[in-house]
Each structure stands twice: as structure tokens, then as C-alpha cells.
1. May I ask which of 82/185; 130/174; 38/61 have a Cα-Cα span longer than 29 Å here?
2. Work out from phi, with θ = phi - 60° and the Karplus expression 6.51 cos²θ - 1.76 cosθ + 1.60, the ³J(HN,Hα) of each residue of region 115-131, listed in order in whole Hz, and give x for Gly and Pro.
3. Could you list which residues have their amide H under 5 Å from that of residue 114, counting only those 5 or more apart in sequence or on another chain, with H placed in the peptide plane?
Amino acid sequence: MKRNIKFFPYYIFFLLCSGCSLFESVPDRTRLFDIGFKPRASPGKASSSSTDNPSICLILKHFPDYLDAPQITTKVGEHELKSNPLYRWATPLSENIFHILRQSIQQSFPKAQIYEFPKDIVPEVDLTLKLDINLLEIDETSQRVFFSGTWTILDRKQKRSNRFPFEFCESLGKASDHYAEIVAKIEQVVLQLGDGIVNQINLILTETTN
């Protein structure tokens, strides 16, 4: 018993040293990504008529839940998805995509009044754009990013609606920063969708003035 008491201070010293290592801060290796709008060198040609300042409401009708998760999710097998907690979206992907589409429209129609439902209080508008995202797949097997869905544009003045399916695909290379390349490819397919929407809005406005 006395021998145990004699070495008791050494036990305390050992525990204190161990405690220091246990409570050392662990470096955060989490990486945050977002996709951004890059002003196009040659954006969709906008109408120069008096109707080039339309009011537009954007509505996201459908967006898969798994895509709005914080982690970036990739497809690693025929029926298997994998998310890595170290690679995350800085903001919800649905909000990020919507923001890019809004900026794409605003660049081509600087005077347009653009609203997002349900975030904004929306008055009666000239055009309503409803977006359905069916798939945004990052396929590790085929090394591609595939983006598909439909968008519908409602023209209040013409009292008609048009529905447009879309599919965009970008191949992944062997970049040293794999996830950075994935995010860049997602950005590209979203910008392609923005260009298609801008071109269709321009056609509608052109028809309205003729």
C-alpha cells in the first residue's frame, strides 16, 4: 500500500500528460464548395424593345432531397450513393442553383424585375418560370456529371405555357483535385440551363412586340 502511495504522483503526472494529448485541437479538414455565376462573354441576346424589362417569378417545384444534403453525394455503383462528410456544400445546392439562374437572367435583362417564390412577395408578373430538377448525378463509374429535369414558362400576356425538358452532361477528367473538378462541372451544366432559359425568354419577348 505504501509503495502504491509512493508512486501515486507519477500516475497523476502520466494522466495529466495523456490528458494534454487527448484535448489537443484536431485540424478541420472539411472543405466547403459552392457554384457561382460567371458573366458570359456572349450571353443570350436580349430583346432591345420596350418589353426588355419584364417581371419574372422563379419557382423551384421539385429538387431531390438527397441533393440538398450538406455533403456532396456521388454515385459509386449501379444502385449505390456515397456522401463524404469532409466535402460539403457551403450553401444548400438548390439555393445555389436558383441564384445562378437568377443572375443569368438578370445579366441579359438588366431591367427585369425578378422574384423568387416563396422567398419574395410576388405581384402579378409577366412570366412565371417553374423548375423541376429530376437528377444531378455525379457518376464515379462513368466519370460524368449529368443534369436533367424540365422547366415550364408561363406567359401571362399570351396566356400560354411551354414546357422544356433539359439534359446536360459533362465528362470528368483526371484532375488532381477531383472534388474541385466535380463542382466546376456542375457549375457548367447549371450555366448551360441558364443560357437556354434566357434564349427562350428573349423569344417570348420578341414575339410580344411583333
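Read the figures in this text as sums done on the coordinates, not as results from a lab. Because the structure is predicted, anything quoted here is derived from the model rather than measured.
1. Values: 82/185 18 Å; 130/174 36 Å; 38/61 25 Å.
Going by Cα-Cα distance, 130/174 fall outside the 29 Å limit.
2. Each residue's phi maps through the Karplus curve to give 10, 10, 9, x, 5, 9, 7, 9, x, 5, 10, 6, 10, 10, 10, 10, 10 Hz.
3. When sequence neighbours closer than 5 places are left aside, the close amide H contacts are 56.
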